[in-house]
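Engineer: Dropping a structure here in structure tokens format, bear with me for questions.
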Amino acid sequence: MVRDQLTPKPDPWCGSLRSCKRRGPVIQLSVLGLDPAPQGSKRHVGGGRLIESSKRVKPWRAAVAHEAKLARQQVAGPCAVELDFRFMRPKGHHKASGELRASAPRFCVVRRNDLDKCCRSTLDGLVDGGLLADDCLVVLLFASKRYCGIGEQPGAVVRIRPLITGIDCVATDLMR
């Protein structure tokens, strides 16, 4: 009897974004044309001011915010977010003929593009653009990073699925 009480029960909120049982419509946007930028630590410049260490963060967040504004929606309740980051391969991964070297790594494991810091900058951009009321509303986060495939541009594909609470969906349509 005690064992049954301690056994974890399946949670309808868990699982992948595609298999989540309590869900609303997916909001999808693509931010293409530049490498995602990690939002890392800040550095002190005097007078109590802090600035972002990476110069790539500001344009990345602006691009994410621009795409978020185009969605013309706002998620104001719990949601699941899926982020698929794509990075350009370094030129050293390719032969002079343009084909991929056999020694080129399969996975994108470069330190400067830390996955959790890329998530942080992207979620902040979604808040800046008004698509998310606050990034604390993200209760499920699925993220991946990889090198661009043939014909793909660097950037990110963002999918947001508002989670349904009771019978009401928490996404509000701003076009009304």
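Each reported figure results from applying straightforward, stated rules to the coordinates on display, with no laboratory input. This structure is a prediction, so every number in the text was calculated from the model and none was measured. For neighbour counting, all protein chains shown are included, and Cβ atoms are generated from backbone atoms with ideal geometry for every residue, glycine included.
Engineer: Which residue pairs have Cβ atoms closer than 6 Å, lie 6 or more positions apart in sequence or on different chains, and pair a first residue in region 56-81 that is touching a residue at least 40 places away in the same chain (Cβ under 8 Å) and among the acidic types (Asp, Glu) with a second residue that is outside any helix (DSSP H, G or I) and surrounded by 17 or more Cβ atoms within 10 Å (Cβ to Cβ)?
Structural biologist: Glu67/Leu29; Glu67/Val31
Engineer: Here is a further query. Please find, among Leu140, Leu115, the residue that is more than 22 Å from Leu70 (Cβ to Cβ) and in contact with a Lys or Arg (Cβ under 7 Å, 6 or more places away or on another chain).
Structural biologist: Leu115
Engineer: Return yes or no: is Gly77 in contact with a Pro (Cβ under 9 Å, 6 or more places away or on another chain) and surrounded by fewer than 19 Cβ atoms within 10 Å (Cβ to Cβ)?
Structural biologist: yes
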